[in-house]
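Chemist: I'd like to ask some things about the structure below.
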Amino acid sequence: MACLRYTSVQLLRKCYGAYEMVLLKQLSSVLGWTSPCAVPDGCSTSYSDCGVFQQARDLSTSQQQQQHRVPWPSLGNQISNSNSASSSQNPKRSGRKRSRLSTMAGDDQSGGSPRKQEPRDDRFYKLKEWEDVEKKIKQLDKGLTVEHLAAAFNVLKRLKRRPPDPFLDSLTEKALVLLPKMHSWNFCAILHAFAKLEYVNSRFLDAMTEEILKPPKLIKFKPIQMACCIYSTGVLFLARNDRFQRKGRTMAGEMTHVPFKYHKLLLDSLAGCLIHSGVESSLTPRMIAGMFYGLALSKRRHGPLLNLLASEVARKERLESCTEQEFSTIVYSIGLLRFRHPILLHSLGDFLSKPEKLRHFSAQGLSNTLYGIAISGANIPLTVLRAMVWEACRPHRLKSFLTQHLCNIIYSLGTLRVKNPKVYSTFFQEIADLERAARDGMTLEGYVAIMSGIGRANVMVAEVEKVGKILTSGKNPRKLSNQGLSNTILNIGKMIGQFDFEMPSEMLEEVCSPGRLSSYTEQNLASIMYGLVVAGMFRDLDRELLDRLVEEACSAKRVPAYTHQGLANVIFSVGRMKVDKLEYHDRFGEEVVGRLSDFAHNGLAMIIYAWGNLEYRNGKVISMCLEEVTKEARLRGFTEQGLSNVLFGLIRMGCREKEPLRTLMGEIKRRVLPKFKYQTPPELILEVLKAKVMDEETEQMLVRMLKVIIVRFKSEEKSVENLPAWAGGGGGGRASG
């Protein structure tokens, strides 16, 4: 039996995956897991792959990390103060009489009998510096107990000066030795201290997870302790990635490093135990908000737990009891998780549509709530959006926002496609105060968020020119993360025709620097290529720099990793740059053919049009594209512009299949010509006539249209010499042949 108990966690580790719950059921009777929550059916069901993330995520991850670092009152503080009325009334640290995480152990929220309180040692709680804690630990020496260690960590997390890592390492080594003697509140105390101190010790955390999963320790966790552990694990996930980025081992924008090996296993085990213990009615709003927040930071979409929490908080009486901070944390977290629970979203909408509720929100709470709604991708009623915008635009509100909050609001409104320029100008007037921005710690990533929001909304806002100049001037381009740099290029490219702006050469050189190119993600490259092309900025690039950028974007390792829209953007950009290297396009063609049915209608039209511009000819690619675009569902899905681009591209690629091309032309005659008869691009008409694949009636109609268009051009106040070549003039343009 002892052997089985010892190896149970090892077996779980080896079999962790699709069959871990089956293993838990088989082990339960042998290991003595008699509680109903010891066999949590589906406790680790992963929903991490559910939902579709947007193609271009304009908000930089470093800005999100600033959002993550918002100093929410932590769940652990609720644990340590829950039994002391005097502590809850007096927030001063010196006035706390019961600050140990074990104080909640006596309040059995699962309905069981209270556990006997551990004897209290006040010696640690009177210490003010970490050096004092170190001396006290040395004095105890061999008399050190798990209670002493938990108390020491609990004090360290509250000190103004963070203790150095070597001291934390030595303290953790002592905790490793005493790990088998620890109880649930000990684990909770140390894990929460790690989170508050942003200290990650993977060796201890893995050993702690193994110890927690040994029966019957996990089932003795109370709801408040499980909630605190989930919250703390999420904070550690963020701290781990921050440390890697500070060391230069990952670029800003990447969140891939888990704090310890069994991070997912611990989260799933806690979630499963909570689900099957049947204590959801005893969860407080703060516990629910903390668990949502922890899962969001961990990027763990645990479907069963999220559904349980959403159903619980969606109840009217539960939602009404939430503070504005708890409410905004929940909304912000479900936004990060892209979690759409219909009942919860409906309840949130009803709550937010009441102006009297919104007036109680803090500036940060209102900003985070609006941001969470925007990035969740959920469709919210217009009345809710109006109520929130009206509240945010009130004069006293505008003065209470930090500039970072204002940037987040502009980004959120742009993501929600708010088209009123006056709304954006209202917030810009507050951001224009540079002294205030410096005082608030305004970052470059905040300005990137502004550009991204305006670019998404596609509105004309005069003040955005100042933001563009800030981002591209001096040494600022070097300070931007890869995500921030690519978003800046993309959105300036979209808006460069709306204001007088010239991209500095230093900015373009930074974009194409060798160090940057090798560290870009595929999304970064697609955004940069597209931004340079739509504004024509690629013409200002040195040819060597441009070739270097194109070579990286078209490399064999990059092409398969692009998303469908990213691949379409890169092919379109290469076509506009007139890069006709056959090797690149054959590589693109092979990739496109392999996932033709997955492309959006607009993306497929962009690809075919780009290849048409280059007159790229590949029999296999042409036949596969022709078969795809003539499907009935595709024909209905193309826009009028998309249909024209597809027909033009296929003919320029050398396609001469009469029936498919006539099918496309028939759809154009039915949908395009009645609306845009004399606005049809003459280049398209000329290409169709040259191909000689249409019937006589269609060709005569196209000739008449072309004559009318030429007459209209000549009737304007232009000399014949300045007319395009296709209109009979001597100017530039494509020759009619």
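Chemist: Taking the alpha-carbon distance from LYS261 and a cut-off under 28 Å, which lysines remain once sequence neighbours fewer than 8 residues away in the same chain are dropped?
Modeler: Of all the lysines, those that pass the test against LYS261 - Cα under 28 Å, at least 8 places apart if same chain - are LYS14, LYS25, LYS157, LYS174, LYS181, LYS196, LYS214, LYS217, LYS220, LYS222, LYS247, LYS299.
Chemist: Per-residue HN-Hα couplings for segment 416-432, Karplus 6.51 cos²θ - 1.76 cosθ + 1.60 at θ = phi - 60°, whole Hz, x for Gly and Pro?
Modeler: 7, 6, 6, 9, 7, x, 5, 4, 5, 4, 4, 6, 5, 4, 7, 6, 4
Chemist: Follow-up question, since we're still on this one. May I ask you to evaluate 6.51 cos²θ - 1.76 cosθ + 1.60, the Karplus curve with θ = phi - 60°, for each residue of segment 564-570 and list the ³J(HN,Hα) values in order in whole Hz, giving x for glycine and proline?
Modeler: 4, 5, x, 5, 4, 5, 5
Chemist: Where Lys and Arg each count +1 and Asp and Glu each count -1, what net charge lies around ILE410 among other residues with Cβ under 11 Å from its Cβ?
Modeler: Taking every Cβ under 11 Å from that of ILE410, the sum is -1.
Chemist: Working out 0.36 nm times the residue gap between ASP586 and GLU502, then minus their Cα-Cα distance, what length gain in nm do you get to one decimal?
Modeler: Going from the current span to full extension adds 26.7 nm.
Chemist: Just give me a number: lysine pairs in segment 461-616, eight or more positions apart or cross-chain, with C-alpha atoms less than 29 Å apart.
Modeler: Eligible lysine pairs with Cα atoms under 29 Å apart amount to 13.
Chemist: While we're on this one: Taking the Cα centre of each part, how many Å lie between segment 153-212 and segment 395-430?
Modeler: Rounded to whole Å, the Cα centres lie 41 Å apart.
Chemist: Let me ask something else. With θ taken as phi - 60° and the coefficients 6.51, -1.76 and 1.60, list the Karplus ³J(HN,Hα) couplings across segment 176-182 in order, rounded to whole Hz; mark glycine and proline as x.
Modeler: Those phi angles translate into 4, 5, 8, 4, x, 8, 7 Hz.
Chemist: A further question follows. Give the lysines whose C-alpha is closer than 27 Å to that of LYS354, dropping any in the same chain fewer than 8 places away, or say none.
Modeler: Result set, ordered by chain and number: LYS316, LYS399, LYS419, LYS422.
Chemist: Shifting gears a bit: Between segment 444-482 and segment 551-614, what is the separation of their alpha carbon centroids in Å?
Modeler: 28 Å
Chemist: Moving on. Once fully extended, how much extra length lies between GLU320 and LYS399, figured as 0.36 nm per residue of separation less the alpha-carbon to alpha-carbon distance?
Modeler: That works out to 25.7 nm of additional length.
Read the figures in this text as sums done on the coordinates, not as results from a lab. Computed from a predicted model, the values in this text were never measured in an experiment. Here Cβ is always computed from backbone atoms with ideal geometry, including for glycine, and neighbour counts include all displayed protein chains.
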